[in-house]
Structures are given as structure tokens and as C-alpha cells.
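What follows is calculated from the coordinates using simple rules that are stated; it is not laboratory data. If you're wondering where the values come from, they're calculated on a predicted model, not measured in any experiment. Quick reminder, even Gly has a Cβ in these numbers, built from the backbone with ideal geometry, and neighbours come from all protein chains shown.
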Amino acid sequence: MKNLADHDSFVDGVPHATFAQMRRDVPVHWTPDHGGDRGFWSLTRYADIMAAQKDPGTFSSAQGIRIEDQSREEYLARRTFQETDPPEHTATRRIVNPAFAKPVMAGFEQLIRDLARDIVDEALAHAEFDGVEHIAKRLPMLMLGRILGVPDADLDWLVERGDALIGNTDPDFTTTVIDKVNTDAYAMMPFRSPAGVELYDYAQQILDGSRAVDDAGILARVLQAEGGAIHGQDFKNFFCLLVAAGNDTTRYSIAMALWLLTQQKDLLGQLQSGAVWDTCADEFIRVASPTLHFRRTATRDVEMHGQTIREGDKVLMWFVSGSRDETVFDDPNTAHLDRSPNRHVAFGQGGPHVCLGMWLAKLELKVVLQELASRISGLEATSAPTWTRSNFICGVKSLTLRPKLK
Ligand code: HEM
């Protein structure tokens with residue numbers, strides 16, 4: 001079994017065989033102390049992840065949600081509403097939820113389609129291209145700008161910083177690789193990253209009015225929200241959360257869909273038949289599961305499968321494993337685009353923190369695939385994907401594609 005604490009265990013892609021073995025033999029698995037951090041429990045079965053999700057009183061988000069240990073001071077400096085429990089979490093969620101609701105996102109469909117059409121046209125003008133750079137990265141980035149209400153001119157810069165936060169364990173995304181160099185100087189910054197300093201500065205300029213944002217965007221809306229505006233440090237952390245969460249995960253879902261189209265040759269025809277547009281996005285995202293896990297902390301001793309999880313222990317819910325649990329999903333390692341129901345947990349379903357951006361992500365994926373499928377009759381990968389060095393995010397970093405045009 002691969003060591004889940006080691007980011008190098010993920011450089012050739014997700015170690016699915018290890019997760020399958022854990023689901024079968026050690027459903028509550030202990031990884032001992034490592035690299036200065038305390039050990040952690042891993043939940044890998046669907047049912048156990050759902051049970052933990054439904055019980056935030058026992059499995060709390062309010063002491064950190066990633067593997068790294070944080071002092072109370074670090075936690076307080078960096079926390080967002082994602083690192084809080086109900087009822088505190090519910091209050092902020094109520095402010096931000098309406099802006100991300102399914103009907104609101106549906107209103108963006110034409111804009112997404114216009115952007116996707118241009119992106120696909122540009123990519124297909126090349127005989128061969130990197131599907132991540134030319135397609136997967138572009139749409140989430142442009143939509144993030146529209147959602148936040150920041151100018152297009154800032155997006156490359158913002159996304160590069162977002163990549164450095166999320167990819168803080170990968171030397172392709174940051175020179176401050178968290179398990180290789182001392183990051184104590186950035187302990188109070190999001191993801192212990194120097195990119196956090198720059199994003200804080202950008203957010204500060206929005207706060208003090210020296211940087212304008214679009215009134216229709218979510219940033220302006222939370223600053224002005226009646227009865228509970230988000231301000232100061234909370235605003236800066238909320239901004240960083242959106243730049244990080246609203247970008248890479250959708251990119252990597254699109255990239256995984258492109259890779260799967262090259263591997264399962266029948267998928268393109270299924271898309272073109274028109275029969276699977278309502279179900280395909282969930283299935284691609286189930287297989288991609290770009291957010292591999294989130295962490296909780298036990299608030300009391302709990303018995304699970306003969307193990308005692310002690311109060312204060314870190315517990316990881318491996319969504320990537322739950323979404324491939326063979327007791328819930330037939331043929332879990334293959335994409336079945338008509339899978340329905342599709343009860344995957346790639347968005348952290350089942351608990352109060354279920355992804356805020358899931359309707360946006362699903363719509364972007366569907367629309368970009370519609371635009372691509374309408375123009376090509378085949379798609380070939382001319383290089384294998386390269387994967388992010390991270391036990392937190394499963395990211396396709398590059399994937400060279402050769403399309404066959406209709
Ligand atoms: C395929 C794409 C995406 C995946 C797989 C994904 C995954 C997740 C997961 C697993 C969680 C649960 C976190 C937890 O349990 O602590 C989450 C929460 C969240 N996501 Fe996403 N996400 C995606 C896209 C997005 C987008 C596009 C946005 C914003 C534009 C976004 C914003 C958020 C926020 C703000 C939260 C925190 C919600 C809360 O704590 O109440 N996500 N996401």
C-alpha cells in the first residue's frame with residue numbers, strides 16, 4: 001500500500017489500488033506521524049464518509065480541513081467559513097448560497113457557451129495542442145473572473161497565484177514546496193504560501209476601494225450583504241478560497257474528461273448522440289474526483305470498524321475513494337456516462353460543506369464538451385497526462401491532444 005502522507009505517491013496518478021485495498025481490508029486506516037505533522041485516520045468507504053459528513057458535531061471542520069497541523073493562531077488567521085461548523089457556518093453559507101444556486105448558474109449558460117465556443121475554436125486551429133492550457137484551464141478562469149467581478153486582465157495573474165496555493169506541494173507551481181522547504185514565514189497565509197501574501201494585498205485593495213470590482217459579482221455582493229457582510233480578514237480569506245477552489249478543480253475535471261475521451265473510444269459517440277448530456281458531467285467528475293480528500297477533527301472518541309478514533313485525532317474523508325466504492329458503483333473505474341443515479345461524493349455531498357460551485361462546475365464541463373463534440377469526429381492523446389504532485393488535488397497538468405475535425 002502506498003503511503004498517503006507522501007505526495008510522491010500521487011505523481012503517477014491516484015493510487016487507486018491502495019484505496020481499493022483500504023476499502024476492502026482496512027476501512028479505518030492509520031497513517032503515523034510524518035514530516036513533523038501528526039498522524040491521521042483515513043476513511044475510504046462510501047458509507048463511512050457519508051456517516052462522517054452527516055455528523056459535523058463529531059467530525060468538525062473547525063480545527064483545519066487539510067492534513068497539516070495548525071496552531072490555534074494559524075487557524076484563526078487563515079480560516080474561512082469552510083473551516084467552521086454549524087451554526088456559525090450556516091450563517092455565512094446563507095449569505096453566499098443564493099449567488100451560486102442552480103437557477104442563477106443556469107442564467108450563465110449562454111455566456112459560458114460563447115466563451116467555450118471561442119476556446120474550442122482556438123484550440124482546434126492547432127493540429128496538436130495541450131488540452132490543459134488550451135481548453136481545460138481557459139473556461140474556469142474566465143468564468144471565475146465573471147463570478148468574482150474582476151477584470152479579465154487580472155485573471156492570468158490570479159490563476160497563477162491560485163495554482164501556487166493549491167499546488168503548494170508541486171515544484172511546477174511554486175518554488176516554496178511545502179514539504180521541501182521551511183514555510184514558517186508563511187504560516188499565517190493561506191496554504192502557507194507566499195502567493196497568499198500577494199492575494200491578500202489584492203483583496204486589501206478591494207476592501208479599501210482602490211481596486212474596483214463589478215457590482216454584480218460575488219465580491220461586491222458579500223461586502224454589501226445586508227445583516228452579515230463579510231469584511232476585513234474574513235473577506236481576504238474568502239477571496240483566497242474562491243480563487244483557489246473556483247479554478248483548478250473545474251480545470252482538472254475538464255482535463256480528465258478530455259483524457260477519458262481518448263481512452264474510452266465510445267464516449268465521444270455517446271456524447272454526440274445527445275442522450276447523456278444530463279448525466280455525463282457528474283460521471284466525468286466522479287471519475288476525476290479532483291479534490292481527493294478533506295479533513296475533519298474528532299471532537300470525541302468514536303469507535304469505527306474496531307478502531308478507536310480519539311478526540312482531537314485528524315480524520316480524512318477520501319472522496320476519491322468513496323466515489324469508486326464498488327459496493328455503491330458498478331464498474332467504478334470506468335466512465336459510464338448514463339450512470340443514474342450517480343451518488344458520487346466528489347463535491348463533498350452529504351454534509352453542510354457540499355461544494356458551493358458544483359452547479360457552475362457541472363455546467364462548464366457540459367457546455368465545453370458540447371462545443372467540442374459538435375466539431376470533432378475523434379480525439380487522440382499524443383502524450384500521457386502528467387499529474388500534480390499532491391495528495392490533496394488530482395490534477396492533470398498537461399495532456400497533448402490531436403483532434404480529428406468533422
Ligand atoms: C469539479 C469542480 C469542483 C470540485 C470537485 C469541488 C469540490 C469541493 C468539495 C469536495 C468541497 C467540500 C469541502 C469540505 O467538505 O470541506 C467543496 C467546497 C467548496 N467549493 Fe468546490 N469544487 C469544485 C468547484 C468549485 C467552484 C467552481 C467553486 C467556486 C466558484 C467552488 C467553491 C467551493 C467553496 C466556496 C466551498 C466551501 C463550501 C462550504 O464550506 O460551505 N468549488 N468543493
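Name the residue from Ile218, Thr175, Val287 whose Cα lies farthest towards the positive end of the charge dipole of the range 7-405, charges +1 on Cβ of Lys and Arg and -1 on Cβ of Asp and Glu.
Val287
How do 308-319, 42-53 rank on mean C-beta neighbours within 10 Å, highest first?
The densest-packed peptide leads the list: 42-53, 308-319.
What net charge is computed for the residues neighbouring Arg211, neighbours being all others with C-beta under 11 Å from the C-beta of Arg211, Lys and Arg scored +1, Asp and Glu -1?
-3
When ranked by the protection proxy of mean other Cβ atoms within 10 Å per residue, highest first, what sequence do the peptides 363-371, 197-205 form?
Per-residue Cβ counts within 10 Å, averaged per peptide and sorted highest first, yield 363-371, 197-205.
Could you tell me the center-to-center distance, by alpha carbons, between the range 217-269 and the range 38-91 in angstrom?
20 Å
Label Arg211 and Lys180 with points 7 Å out from Cα along Cα→Cβ: what is the distance between them in nm?
Taking the simple label geometry, Arg211 and Lys180 are separated by 2.8 nm.
Could you tell me which of Gly131, Val120, Gln110 has its Cα farthest along the dipole of the range 83-131 towards the positive end, charges placed at Cβ (Lys, Arg +1; Asp, Glu -1), taken about the Cα centre?
In the range 83-131, that residue is Gln110.
Classify the range 1-50 as rounded, prolate or oblate from the Cα gyration tensor: take a ≥ b ≥ c as the square roots of its eigenvalues, call it rounded if a/c is under 1.5, otherwise prolate when a/b beats b/c and oblate if not.
Oblate, because a/c is 1.5 or more while a/b does not exceed b/c.
With N residues in the range 1-122, what two-decimal value do you get for its Cα radius of gyration over 2.2 N^0.38 Å?
Ratio of Cα Rg to 2.2 N^0.38 Å: 1.43.
As a footprinting exposure proxy, order Trp259, Trp359, Trp157 by other Cβ within 10 Å, with the fewest listed first.
Neighbour counts put them in this order, fewest first: Trp157, Trp359, Trp259.
Shape call for the range 88-208 from the C-alpha gyration tensor, a ≥ b ≥ c root eigenvalues: rounded (a/c under 1.5), prolate (a/b greater than b/c) or oblate?
oblate
Could you give the size of the charge dipole of the range 1-98 about its Cα centre, using +1 on the Cβ of each K and R and -1 on the Cβ of each D and E, expressed in debye and rounded to the nearest 20?
Its charge dipole is roughly 440 debye.
What does the charge count near Pro56 come to, summing +1 for each Lys or Arg and -1 for each Asp or Glu among other residues with Cβ under 10 Å from its Cβ?
Spelling it out: positives minus negatives among the neighbours equals 0.
What is the Cα coordinate range of the range 300-406 on the first, second and third principal axes, sorted by size from largest, in whole angstrom?
60, 31, 28
Using just the helices of the chain, give the 222 nm mean residue ellipticity in deg cm²/dmol: DSSP H runs with n ≥ 4 each add -39,500 (n - 2.57), and the total is spread over all residues, rounded to 500.
So the helix-based figure for the chain works out to -12000 deg cm²/dmol.
Which values of log₁₀ I(q)/I(0), to two decimal places, follow from the Debye formula for the range 7-405 at q = 0.10, 0.12 Å⁻¹ with a uniform point scatterer at every Cα?
Evaluating at q = 0.10, 0.12 Å⁻¹ gives log10 I(q)/I(0) of -0.65, -0.96.
State to the nearest 20 debye the size of the charge dipole of the chain about its Cα centre, where the only charges are +1 on K and R beta carbons and -1 on D and E beta carbons.
Using Cβ point charges on Lys, Arg, Asp and Glu, the chain gives about 680 debye.
Could you compute the net charge surrounding His336? Neighbours are other residues with a C-beta less than 12 Å from the C-beta of His336; K and R count +1, D and E count -1.
Within the 12 Å Cβ shell, the charges total -4.
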